Amino acid sequence: MSVRHALLALLSEGPKYGLQLRHEFEARTGEVWPLNVGQVYTTLQRLERDGLVASDGSDDGPQKGYRITGGGRAELTAWLETPPDMAQPPRDELLIKVLVAAQVPEVDVHQLIQVHRRHLVESMQRYTAVKADAPPDDVALALVVDAELFRIEAMVRWLDAAEVRLPQLLAAAPPAAGTDQPVPASEPSSETEAARP
């Protein structure tokens, strides 16, 4: 998430104060990403230094106003129109954990996958509850929650696929010195299938 560009977007609507920017940022992102007021002012100072925003010249503080400059508008437009860099997959902690666990002889990879799957399903349940309790007109929150639900569902599906593929990886791996052959991960259980969203 680019706080820098989010602030530029808010300022594109007209001049605003730092605290106002913080409140509007949180409201428009469904209050899912709290923003530290210090981060707002630090980002505004950098934007001003880079010529992307201008201040009204009053002392620093909650009543100092900021407005976007022509350079800021160009920066915002370029950011909005540039697709995210997908050339290299992001470093995913869950992916790294599963790959590392498959190489550690003492780790039961099947059990590790079950632990992470359970955690993800619980996260989905929490987000589903947030969505159910949200006011029907809070579109920003609905979009954020939908994005998280889709992302978590994709992770659960990836764990299912990993559990099917891991026996191949474990069977092909040479045994570590002084250890027995690694035990292949078992097939997904019926309990796992029941837990899938």
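The values are calculated or read from the model by the stated rules, or taken from the named source; none is laboratory data. Nothing here was measured: the structure is a model prediction, and the numbers come from that model. Cβ sites come from the backbone with ideal geometry, for glycine too, and all protein chains shown count toward neighbours.
Structural remarks
- Given (1) without any contact (Cβ under 8 Å) to a residue 40 or more places away in the chain; (2) loosely packed, with under 14 Cβ neighbours inside 10 Å; (3) not assigned by TED's automatic domain parsing to the domain that holds Val145, index of the condition Gln63 fails: (1)
- Evaluation of Val144 against the conditions (1) surrounded by fewer than 15 Cβ atoms within 10 Å (Cβ to Cβ); (2) within 30 Å of Val53 (Cβ to Cβ) shows that the sole unmet condition is (1).
- Residue within the range 71-82 that is outside the structural domain of Asp138 (by TED's automatic domain parsing), among the charged types (D, E, K, R) and surrounded by 16 or more Cβ atoms within 10 Å (Cβ to Cβ) present: yes
- Only one of the numbered conditions (1) exposed (fewer than 12 other Cβ atoms within 10 Å of the Cβ); (2) out of contact with any Ser or Thr (no Cβ under 9 Å at 6 or more places or on another chain) is violated by Ala101, and that is (1).
- Which numbered condition Gln39 misses (of (1) in contact (Cβ under 8 Å) with a residue 24 or more places away in the chain; (2) in a helix (DSSP H, G or I); (3) more than 21 Å from the chain's Cα centre (by Cα); (4) surrounded by fewer than 19 Cβ atoms within 10 Å (Cβ to Cβ)): (3)
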